[in-house]
1. If Lys and Arg each add +1 and Asp and Glu each add -1, what is the summed charge of the other residues whose beta carbon sits under 12 Å from the beta carbon of Leu89?
2. Where does each of Arg32, Arg102 land when they are ranked from fewest to most other beta-carbon atoms within 10 angstrom?
3. Tyr153: net charge of surrounding residues, Cβ under 11 Å, Lys/Arg +1, Asp/Glu -1, itself excluded?
4. Roughly speaking, what is the stretch gain from Glu147 to Ser161, that is 0.36 nm per residue apart minus the C-alpha to C-alpha distance, in nm to one decimal?
5. Please label the shape of segment 21-128 as rounded, prolate or oblate, based on the square roots a ≥ b ≥ c of the eigenvalues of the alpha-carbon gyration tensor (a/c under 1.5 means rounded; beyond that, a/b larger than b/c means prolate, else oblate).
Amino acid sequence: MSPAMVPLAFAALAVVGGGVVVYLSVIAERKRRGALAQVALTLGLSYLDKVPKASVAGLGNFHLFRHGRRKMGRNLMEGKSGDTQVTLLDYQYTAGGGKDSRTCRQTVAVFRGVATGLPEFTFAPEHFWHRIGALFGYQDIDFEASEEFSKHYVLRGPDESAIRAAFGADALGFFAQNPGWSVESFGGSLAVYRTARRCKPEEIQPFLAEAANVLRALVKTQ
């Protein structure tokens, strides 16, 4: 092969390699849809592989669904879990731009109308940049009664006194011992997920059980 042909050969390999990656991704997502449809059937939930944009827009009061661009919902499961109405879905969005853009995918459980006594709030795992932001006025509600909770989570919301009243000792203890959750409360509904963590099909049922424990830890303080 002549030296002039080398760049063309590498370009061709890159195109072929990219095509193989896309093909394998399509196959994997197809298998995922089939497996999740079976999980929904087992749990007694309805299933849609594509989430209507109107359904995603209807969740827009939660911060997660307002964030980023190229927002997309997949694998929607809905119905009753015990006595609670629940919506489960894969949700993704793109954050950043250019070379720093990234797609965040997570499995989200939304419990509807069961947390009417809770104020509006969001909390998520605390990272270094949150601590830096606190120096410049970024809100983070801490609790002297639970240094572990305050170490693991950044908690925000418009009514700090109501939020403090909502987070009793049991709730603080639960989340101190169970780090990694992201939780949002709005309008009597609760969204529960692990940021950028999409469950495998076999993890859906345990995830739903854990998310229900999150709900109980908060609602029983009312």
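Here, each number is a calculation from the coordinates, and none is a lab measurement. Quick caveat: nothing in here was measured; it's all calculated off a predicted structure. Heads up, the Cβs are rebuilt from the backbone with ideal geometry, glycines too, and the neighbour counts pull from every protein chain shown.
1. Values: positive: Lys50, Lys71, Arg74, Arg105, Arg198; negative: Asp49, Glu78, Asp90.
Once all neighbours under 12 Å are counted, the net charge is +2.
2. The fewest-first ordering by Cβ neighbours comes to Arg102, Arg32.
3. On the way: positive: Lys151, Arg156; negative: Glu126, Asp140, Asp142, Glu148.
Summing Lys/Arg as +1 and Asp/Glu as -1 gives -2.
4. On the way: separation 14, 0.36 × 14 = 5.04 nm, distance 1.83 nm.
Difference between extended and current length: 3.2 nm.
5. Numbers: a/c = 2.05, a/b = 1.06, b/c = 1.94.
Taking the square roots of the gyration eigenvalues as a ≥ b ≥ c, segment 21-128 is oblate.
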